[in-house]
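Below you'll find the structure, written out as structure tokens, and then a few comments.
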Amino acid sequence: MDQIIIGIDIGGTTIKIGFFNEDGDIVHKWQIPTNKEAQGAHIVNDIWNSVSTKLSEFQMDKKIMGIGVGAPGFVDNKRGFIYEAVNIGWVDIDLAKQFAMHTKVPVFVENDANLAALGENWKGAGNKAENLIAVTLGTGVGGGIIANGSILSGVNGTAGEIGHAVGDPNGYPCNCGRVGCLDTIASGPGLVQQAMDKINANPTSNLATFHSTKGYITAKDIFDLASKDDEICKRIIERTAETLGVALANAATVINPSKILIGGGVSNAGEQLLNIVRNSFEKYSLTRVHQECEIQIAQLGNDAGIIGAAYLILQETNKSMTEGDVTK
Ligand code: ZN
């Protein structure tokens with residue numbers, strides 16, 4: 001192995017880091033906590049200290065081909081600039097420049113959901129599709145779109161933010177400042193919020209008893225209760241999956257993908273969720289759109305982001321070579 005690639009996925013709670021060989025295989029991976037003190041001012045230093053330690057521990061003083069970094073929020077991938085990452089506290093952070101203070105190797109920054117889409121498409125369930133939509137249902141709803149073989153970025157890096165497509169115009173307030181985004185329905189907290197509404201409206205229901213006994217409720221509880229035929233939980237899941245299906249049908253009508261991948265913690269529900277999403281998707285999309293589009297669960301779990309980051313480096317390095325511009 002002559003060169004290594006470093007993939008980094010910065011999340012609100014942990015930062016995942018991986019060393020990869022030139023084939024994109026993980027050589028070593030680990031994670032560190034995200035230090036959100038001082039609006040995340042220590043994060044790049046923390047990452048670099050950890051990477052340096054591991055490099056010497058593994059005696060990997062070999063050439064680093066590049067560093068790919070994923071971050072949540074609105075990212076200008078051409079400049080490696082983060083406009084805003086609410087979970088971390090970042091506003092107007094020149095991330096590529098901060099890394100450049102530690103190393104001279106190329107650094108590329110991309111939105112974390114876009115990197116997860118690239119990772120899943122390269123080594124996971126995407127199977128190298130030319131046109132693909134990947135959504136992550138976790139603490140929020142993330143989205144990444146690959147169109148004609150490339151990540152769709154848009155004019156300022158906001159393309160594919162399917163979590164902020166409107167699912168219910170009369171719904172819950174979203175942390176983006178608007179109302180009814182898919183994020184407020186199909187994320188883990190969105191499911192819990194729906195359950196809390198039902199509990200308050202039906203204080204004698206099984207669901208309310210379950211909640212008062214346990215003291216809280218999770219998205220997983222809602223799926224578990226639904227599989228035991230709890231009517232309220234079944235309705236919550238139906239509404240959630242149907243709303244997701246409508247959003248995916250609209251997005252698929254725009255880009256005509258061969259695959260839609262659903263990942264994140266909520267996707268652990270598997271077919272229980274997918275069956276309703278598929279029905280809704282078929283109902284709300286053109287036959288030509290859904291007849292060649294498979295909806296599947298993502299495969300790479302938490303590694304999707306760092307694998308996508310490694311892919312980004314290989315892609316960008318090849319691009320630079322073919323353009324004869326190695327300074328990019
Ligand atoms: Zn929103």
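Residues in the stretch 40-56: is at least one part of a strand (DSSP E or B), at pLDDT 95 or above, surrounded by 14 or more Cβ atoms within 10 Å (Cβ to Cβ) and under 23 Å from the mean Cα position of the chain (by Cα)? There is no residue in the stretch 40-56 that is part of a strand (DSSP E or B), at pLDDT 95 or above, surrounded by 14 or more Cβ atoms within 10 Å (Cβ to Cβ) and under 23 Å from the mean Cα position of the chain (by Cα). Has the stretch 251-261 got any residue that is in a helix (DSSP H, G or I), touching a strand residue (DSSP E or B) at 6+ places or on another chain (Cβ under 6 Å), in contact (Cβ under 8 Å) with a residue 12 or more places away in the chain and under 25 Å from T139 (Cα atoms)? Scanning the stretch 251-261 turns up at least one residue that is in a helix (DSSP H, G or I), touching a strand residue (DSSP E or B) at 6+ places or on another chain (Cβ under 6 Å), in contact (Cβ under 8 Å) with a residue 12 or more places away in the chain and under 25 Å from T139 (Cα atoms). D9 meets each of the listed conditions (1) in contact with a helix residue (DSSP H, G or I) (Cβ under 8 Å, 6 or more places away or on another chain); (2) open to solvent by 30 Å² or more (accessible area, probe 1.4 Å); (3) assigned to a strand (DSSP E or B) apart from (2). Pairing residues of the stretch 93-115 that are of a type in the set (K, R) with residues that are surrounded by 19 or more Cβ atoms within 10 Å (Cβ to Cβ), at Cβ distances under 8 Å and at least 6 apart in sequence or on separate chains, gives K97/G80. Within the stretch 175-205, how many residues are within 16 Å of the ligand (Cβ to nearest atom), at negative phi, part of a loop (DSSP other than H, G, I, E, B) and open to solvent by less than 70 Å² (accessible area, probe 1.4 Å)? The total comes to 3. Is it the case that some residue within the stretch 213-229 is among the β-branched types (V, I, T) and either surrounded by fewer than 17 Cβ atoms within 10 Å (Cβ to Cβ) or within 16 Å of the ligand (Cβ to nearest atom) (or both)? Within the stretch 213-229, one or more residues are among the β-branched types (V, I, T) and either surrounded by fewer than 17 Cβ atoms within 10 Å (Cβ to Cβ) or within 16 Å of the ligand (Cβ to nearest atom) (or both). In the set (1) crowded, with 18+ Cβ neighbours inside 10 Å; (2) at pLDDT below 95; (3) within 16 Å of the ligand (Cβ to nearest atom), G264 fails one condition alone, (3). Annotation: G177 fulfils all but one of (1) modelled with pLDDT under 95; (2) of a type outside the set (K, R); (3) within 15 Å of G140 (Cβ to Cβ); (4) in contact with a helix residue (DSSP H, G or I) (Cβ under 8 Å, 6 or more places away or on another chain); the unmet one is (4). Does E110 satisfy being charged (D, E, K, R), within 28 Å of V141 (Cβ to Cβ) and surrounded by 15 or more Cβ atoms within 10 Å (Cβ to Cβ)? Criteria met by E110.
The values are calculated or read from the model by the stated rules, or taken from the named source; none is laboratory data. Here the structure is a predicted model, which means the values were calculated and not measured. Quick reminder, even Gly has a Cβ in these numbers, built from the backbone with ideal geometry, and neighbours come from all protein chains shown. Accessible surface areas use protein heavy atoms only, side chains included; no ligands, DNA or RNA. Shrake-Rupley method; radii C 1.70, N 1.55, O 1.52, S 1.80 Å.
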